[in-house]
1. Would you mind stating whether Phe86 is at pLDDT below 95 and more than 17 Å from Glu36 (Cα to Cα)?
2. When you go through (1) touching a residue at least 60 places away in the same chain (Cβ under 8 Å); (2) over 13 Å from the mean Cα position of the chain (by Cα) one by one for Glu24, which number turns out not to apply?
3. Could you list all residues from segment 136-190 that are buried (at least 16 other Cβ atoms within 10 Å of the Cβ), basic (Lys, Arg) and either in contact with a Phe, Trp or Tyr (Cβ under 8 Å, 6 or more places away or on another chain) or more than 17 Å from Glu70 (Cα to Cα) (or both)?
4. Of the residues in segment 21-52, how many are within 19 Å of Ile82 (Cβ to Cβ) and open to solvent by 50 Å² or more (accessible area, probe 1.4 Å)?
5. Only one of (1) assigned to a loop (DSSP other than H, G, I, E, B); (2) in contact with a Gly (Cβ under 6 Å, 6 or more places away or on another chain) fails for Glu52. Which number is that?
6. For segment 91-117, which residues satisfy the criterion of being touching a residue at least 60 places away in the same chain (Cβ under 8 Å) and of a type outside the set (Ser, Thr, Tyr)?
7. Given the condition touching a Pro at 6+ places or on another chain (Cβ under 9 Å), under 30 Å from Leu144 (Cα atoms), open to solvent by 20 Å² or more (accessible area, probe 1.4 Å) and not aliphatic (A, V, I, L, M), answer yes or no: does some residue in segment 58-70 qualify?
8. Say we look at segment 1-20 and pick out the residues that are assigned to a loop (DSSP other than H, G, I, E, B) and in contact with a Leu (Cβ under 9 Å, 6 or more places away or on another chain); which of these is surrounded by the fewest Cβ atoms within 10 Å (Cβ to Cβ)?
Amino acid sequence: YITFIDGDDFIKSNTFEKVLAILEKNSEIDLLQYPEIHVQDGKESLWSGYPEVSITLSNSREKMDAIIGETPIIPGGLCGKIYRKFVWNNLQLRMDMSFCEDMIILPDILEKSRSIMITTAGGYCYVMRPGSATKSAYTPKKCLDVSRLKIRLLEAAVKYNIDIDRWWSNAILSAVDAWGFYGPCEELRA
């Protein structure tokens, strides 16, 4: 199995025991999402779109809709998930990105996963703090990385016919923003 934990976040007690037990009972589940809990000033709150009951998705369109649909039920990062190791075969994080590098690979992971489960067991505690990557200043490089992500999610939206108009608008506005903020970029020209 493979999982990711950011250095300033933490996992609720017994989370791995619980999620590994689920995976060992369900050999077709290749990605298991456990609850993302936001922690700010010592207060905890469940990620806003998270389901109240466990859900298993096997249909490709349903899996993709869970992250890019109008009301996503899976948080976009790599953390808070545990993956069967084979899912990562021939996949690599983009080394040219320092922001959104985790979410940009999720469509590929979902396509390689036979089934995914969103469980209510355990918990990934995402510590909200000033100065983190998501709270820091919007730089030209960050702007370019966001545009790269929006373009990738548009590709997934088109492939699975999910909210294409919204993703088209997001991708175009983000690319124009990046072009103006970051400057001319061959990648955005395509």
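1. No: the conditions fail for Phe86.
2. Here Glu24 clears every test but (1).
3. Correct list: Lys142, Arg148, Lys150.
4. Count: 5.
5. Result: Glu52 fails condition (2) only.
6. Once the filter is applied, which keeps residues that are touching a residue at least 60 places away in the same chain (Cβ under 8 Å) and of a type outside the set (Ser, Thr, Tyr), segment 91-117 yields Asp102, Ile109, Leu110, Lys112, Arg114, Ile116, Met117.
7. There is at least one residue in segment 58-70 that is touching a Pro at 6+ places or on another chain (Cβ under 9 Å), under 30 Å from Leu144 (Cα atoms), open to solvent by 20 Å² or more (accessible area, probe 1.4 Å) and not aliphatic (A, V, I, L, M).
8. Applying the filter and picking the extreme gives Tyr1.
The values are calculated or read from the model by the stated rules, or taken from the named source; none is laboratory data. Computed from a prediction, not measured in an experiment: that's the story for all the values here. Backbone-built Cβ (ideal geometry, glycine too); neighbour counts: all protein chains shown. The protein model used for the area step is the full one, side chains on, heavy atoms only, and it has no ligands, DNA or RNA in it. Shrake-Rupley method; radii C 1.70, N 1.55, O 1.52, S 1.80 Å.
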